[in-house]
Amino acid sequence: MARKSRPRVAVWKFASCDGCQLTMLDCEDELLAVADAVEIANFHEASRAVVAGPYDLSLVEGSITTAEDARRIREVRAESRVLVTIGACATAGGIQALRNFQDVEEFRRVVYAHPEYISTLATSTAISDHVPVDFQLRGCPINKAQLLEVISAYLDDRAPNVSTESVCIECKRRGNVCVMVAQGTPCLGPVTQAGCGAICPAFHRGCYGCFGPMDTPNAPSLISNLKGLGMESSAILRVFRTFNAAAPPFRAASDSVKERKAAP
């Protein structure tokens, strides 16, 4: 009897720090079990081997920052039955999306001796802004348990079971005392998707929003609370403009603060 072919999995890198791919490698024993069940067709962080598509599952890290990247992601999408974006860069443009709020041409003039050699787009955008995406796995970096769940789910042809609740729920489960209520510490936990295990609040620090916006975040209410803690508008603007600055709910929140700040 002929052996059934293993599902073909590819991992792709665009503009990013490779942190999410390193999280994959950090899965160690679990990744070995997955690797035995699939054919790793493309994963430059782990191997130089490249197998041509089509691919059953493509995992994409990084944002689109060049015209070449925009062309290449369309090719990846065309060769992939399922495409999953991993990490804040791929799902929301990443920290490099801070360029979206500034003049990129000015950056090129200031940073590079020969800016004419630099080919870049004016914005850093999520993969979903360019091609259809089947699932978005948030985080900076991603949670490896969630990653294994997503890979297993698509290999089994089922929907991934990944929580979309807020970090506040994780705090409750962990037994953390609310840093906003008890200590007056600014925290993005109420509007941020769970996945980190509420690490920062567990060490008496506010959430930085690494996993991006939760489902239906009430950012205006949180902004009101942050102002009540004495935060200036400029500080509130900065906390929403970090790893997930271009995620629509976070961008809308920061834009609203900027508009109010600029109002007479």
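Bear in mind that the values in this text are calculations on the coordinates, not laboratory data. Everything numeric here is computed off the predicted structure, so don't read it as measured data. Methodologically, a virtual Cβ is constructed for each residue, glycine included, from the backbone with ideal geometry; neighbour enumeration extends over all protein chains shown.
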Seminar exercise, completed: Any GluC sites (Glu not before Pro) in region 5-46 that lie in a DSSP loop and have at most 13 other Cβ atoms within 10 Å would be 28, 45
For this session: Set the Förster distance to 22 Å, then compute FRET efficiency between residue 77 and residue 30 from the Cβ-Cβ distance, nearest 0.05.
Result: 0.20
For this session: Please identify every one of the chymotrypsin sites (Phe, Trp or Tyr not before Pro) in region 161-264 that sits in a loop by DSSP and has no more than 11 other beta carbons within 10 Å of its own beta carbon.
Result: 203
Exercise. Residue separation times 0.36 nm, minus the C-alpha to C-alpha distance between residue 51 and residue 114: what's the value?
Worked result: 19.0 nm
For this session: Divide the volume of the convex hull of the Cα atoms of the chain by its number of residues and quote the answer in cubic angstrom per residue.
Result: 154 Å³
For this session: Would you please classify the overall shape of region 167-262 from the alpha carbon gyration tensor, given that a ≥ b ≥ c denote the square roots of the eigenvalues, rounded means a/c under 1.5, and beyond that prolate means a/b larger than b/c while oblate covers the rest?
Result: oblate
Exercise. Do any GluC sites (Glu not before Pro) in region 121-189 lie in a DSSP loop with no more than 16 other beta carbon atoms within 10 Å, and if so, which?
Worked result: 165
Exercise. Quick one: if you stick a label point 7 Å off each Cα along the C-beta vector at residue 22 and residue 107, how many nm between them?
Worked result: 2.1 nm
For this session: Measure off 7 Å from each Cα along the Cα-to-Cβ vector at residue 70 and residue 229, then give the distance between these two points in nanometres to one decimal.
Result: 3.8 nm
Exercise. Given H placed 1.01 Å from N in the peptide plane, which residues other than close sequence neighbours of residue 39 have an amide H under 5 Å from its amide H?
Worked result: 8, 9
For this session: Determine the dipole magnitude for region 131-260: charges of +1 sit on the beta-carbon of Lys and Arg, -1 on that of Asp and Glu, nothing else is charged, the reference point is the Cα centre, and the result goes in debye to the nearest 20.
Result: 480 debye
